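Written out below as structure tokens is the structure these notes cover.
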Amino acid sequence: MAITLDLAQRADTTNSVPASVVPTMVAAPEKPTLVGLDRAGLAEAMAGIGIPERQRKMRAQQLWHWLYVRGASDFGQMTNIAKDLRATLDEHFSIARPEIVSEQISVDGTRKWLFRFPPRGAGRPVEIETVYIPEEGRGTLCVSSQVGCTLTCTFCHTGTQKMVRNLTSEEILSQVLLARDRLGDFPDAATPQGAIVPSEGRLVTNVVMMGMGEPLYNFDNVKQALLIASDGEGLSLSKRRITLSTSGVVPEIARTGDEIGCMLAISLHAVRDDLRDVLVPINKKWPIKDLLDACRRYPGLSNAKRITFEYVMLKGVNDSDADARELVRLLAGIPAKINLIPFNPWPGSEYECSDWERIEHFADIVNRAGYASPIRTPRGRDIFAACGQLKSASERMRKKDRDALEGAA
Ligand code: SAH
Ligand code: SF4
């Protein structure tokens, strides 16, 4: 059974975190945000409110520390900044967290949040999902990059939902900040010195850009958010523990290595172009050969820094022994890990997950060729938190609510 907490319930649940780390629950007002700006952006914002030039860098540094080391979401917490200046900052800017619409906790400890971000310009508020997966010795946060997706991979539920918009760097980063709030993962906030806590002491140790959306179609915002998340004087997530997953936007792959420097995962899913054209239609633009050439040239690629190839197991579609052998042949010479993902079904999907023995047999062939090929255990299935299911559950839930309301009217 899954646990769903709405805001009213949260106060008396045993799964709640201490009140001191519960973020401000009001939706961020429409003042410009400081969250998601790099240091130069913060200094520029300070210039905008008349901070003298000689002080800007220092103020930017102070803000950086409060936002990303201490996890502050209210200027009032910034005790080493004079009260008057705090008031001025508050008048002009926001650092409030987005609204948490719901928090669900699976029997296996996986958590899924539905966050609501205020409108951008003339747009409407948007909702996105973020998932936290605790494992032995690490905790992985699955972050979204877009609301919906422009691509239409036939096995992915996000692909059936219309693309609403790119997330801003603030919205991408806020998913990390909110998860750390809710998990009580800003432990340093309690110490007056605000010392940077080493990442081993944290609950969110890894970030994967595997939520909703294609991160490489929102390159600049994803880059800015990930560079802030990996900054050693802030959230300090190691770049080796940040993985960006792409369906294969070939022209942006080299930039990902050069400019972000994170780990790369490729949603391969098929070993022949005719099949990949159907499963991952971006393949028609950049076919397997172009994709793998870009992988061979990935900056920083080595045996210690391998590319992960994701392969969703679809019964009778891509799961034969011949497919496994061809996979091994295609990846020859690329330092790679192969991640076999049991297909997560969704209502109306036309695929089935391969049988377990088939997946194991496929994995054996890949293993014998010398590749580590973990089979990804589906997590949080009871709360629809698995790959490719994001947002769909909340959309379904809302439709159910709507139907109930219509029935009652
Ligand atoms: N758009 C990016 C990242 C988000 S999808 C990409 O496609 O890589 C994250 C991973 O989940 C991808 O490998 C995707 O192919 C996989 N996925 C999507 N739907 C799935 C489903 N129903 N079952 C299992 N994996 C799925
Ligand atoms: Fe978009 Fe990735 Fe889903 Fe394809 S698998 S539709 S690229 S989110």
Review point. Can you pull out the residues in the stretch 137-152 that are touching a strand residue (DSSP E or B) at 6+ places or on another chain (Cβ under 8 Å) and of a type in the set (Ser, Thr, Tyr)?
Key: Thr140, Ser144, Ser145
Exercise for review: With the condition kept exactly as written, say whether any residue in the stretch 204-223 is surrounded by 19 or more Cβ atoms within 10 Å (Cβ to Cβ), more than 13 Å from ligand 1 (Cβ to nearest atom) and among the small types (Gly, Ala, Ser).
Suggested key: no
Exercise for review: Of the numbered conditions (1) free of Cβ contacts under 8 Å to residues at least 60 places away in the same chain; (2) more than 16 Å from ligand 2 (Cβ to nearest atom), Lys305 fails exactly one; give the number of that condition.
Suggested key: (1)
Practice item. Out of the residues in the stretch 144-162 that are surrounded by fewer than 18 Cβ atoms within 10 Å (Cβ to Cβ) and closer than 21 Å to Asn221 by Cα, state the one that is farthest from ligand 2 (Cβ to nearest atom). Key: Lys162
Exercise for review: Looking for whichever is within 16 Å of ligand 1 (Cβ to nearest atom) and in contact with a Phe, Trp or Tyr (Cβ under 9 Å, 6 or more places away or on another chain) here; the options are Thr130, Thr158. Which one fits?
Suggested key: Thr130
Check your understanding: Of all residues in the stretch 224-240, which are over 30 Å from Thr160 (Cβ atoms) and either part of a loop (DSSP other than H, G, I, E, B) or open to solvent by less than 10 Å² (accessible area, probe 1.4 Å) (or both)?
Key -> Ile228, Ser230, Asp231, Gly232, Glu233, Gly234, Leu235, Ser236, Leu237, Ser238
Study note, to complete from the structure: When every residue in the stretch 332-349 that is part of a loop (DSSP other than H, G, I, E, B) and within 11 Å of ligand 1 (Cβ to nearest atom) is compared, the one farthest from the chain's Cα centre (by Cα) is Ser349
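Table: residues versus (1) modelled with pLDDT of 95 or more; (2) of a type in the set (D, E, K, R).
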{"position": "Asn344", "(1), (2)": "no, no"}
{"position": "Glu350", "(1), (2)": "no, yes"}
{"position": "Asp355", "(1), (2)": "yes, yes"}
{"position": "Ala369", "(1), (2)": "no, no"}
{"position": "Ala372", "(1), (2)": "no, no"}
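Residues checked against (1) open to solvent by less than 30 Å² (accessible area, probe 1.4 Å); (2) at pLDDT 95 or above; (3) in a helix (DSSP H, G or I):
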{"position": "Val17", "(1), (2), (3)": "yes, no, no"}
{"position": "Ser20", "(1), (2), (3)": "no, no, yes"}
{"position": "Gly36", "(1), (2), (3)": "yes, yes, no"}
{"position": "Gly41", "(1), (2), (3)": "yes, yes, yes"}
{"position": "Asn80", "(1), (2), (3)": "no, no, no"}
Practice item. Scan the stretch 308-331 for residues that are within 16 Å of ligand 2 (Cβ to nearest atom) and in a loop (DSSP other than H, G, I, E, B) and jot them down. Key: Val317, Asn318
Practice item. Determine whether Leu173 is modelled with pLDDT of 95 or more and either part of a loop (DSSP other than H, G, I, E, B) or away from ligand 1 (no atom under 13 Å from the Cβ) (or both). Key: yes
Review point. Does Val126 qualify as being without any contact (Cβ under 8 Å) to a residue 60 or more places away in the chain, of a type in the set (A, V, I, L, M) and touching a strand residue (DSSP E or B) at 6+ places or on another chain (Cβ under 7 Å)?
Key: yes
Check your understanding: If you scan the stretch 344-364, which residues turn out to be open to solvent by less than 60 Å² (accessible area, probe 1.4 Å), more than 19 Å from Ala322 (Cα to Cα) and touching a strand residue (DSSP E or B) at 6+ places or on another chain (Cβ under 8 Å)?
Key -> Asn344, Tyr351
Study note, to complete from the structure: Within the stretch 232-251, of all residues that are within 13 Å of ligand 1 (Cβ to nearest atom) and among the polar types (S, T, N, Q), the one nearest to Arg70 (Cα to Cα) is Thr243
Practice item. Please indicate, with yes or no, whether at least one residue in the stretch 97-118 is open to solvent by 40 Å² or more (accessible area, probe 1.4 Å), away from ligand 2 (no atom under 16 Å from the Cβ) and under 29 Å from Val249 (Cα atoms). Key: yes
Check your understanding: Which residues, counting only those in the stretch 258-270, are open to solvent by 10 Å² or more (accessible area, probe 1.4 Å) and away from ligand 2 (no atom under 16 Å from the Cβ)?
Key -> Asp258, Glu259, Gly261, Met263
Study note, to complete from the structure: Only one of (1) within 24 Å of the chain's Cα centre (by Cα); (2) closer than 17 Å to Glu360 by Cβ; (3) open to solvent by 20 Å² or more (accessible area, probe 1.4 Å) does not apply to Gly316, and that is (1)
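The values are calculated or read from the model by the stated rules, or taken from the named source; none is laboratory data. Computed from a predicted model, the values in this text were never measured in an experiment. Quick reminder, even Gly has a Cβ in these numbers, built from the backbone with ideal geometry, and neighbours come from all protein chains shown. Side chains included, ligands, DNA and RNA excluded: accessible areas come from the protein's heavy atoms. Shrake-Rupley method; radii C 1.70, N 1.55, O 1.52, S 1.80 Å.
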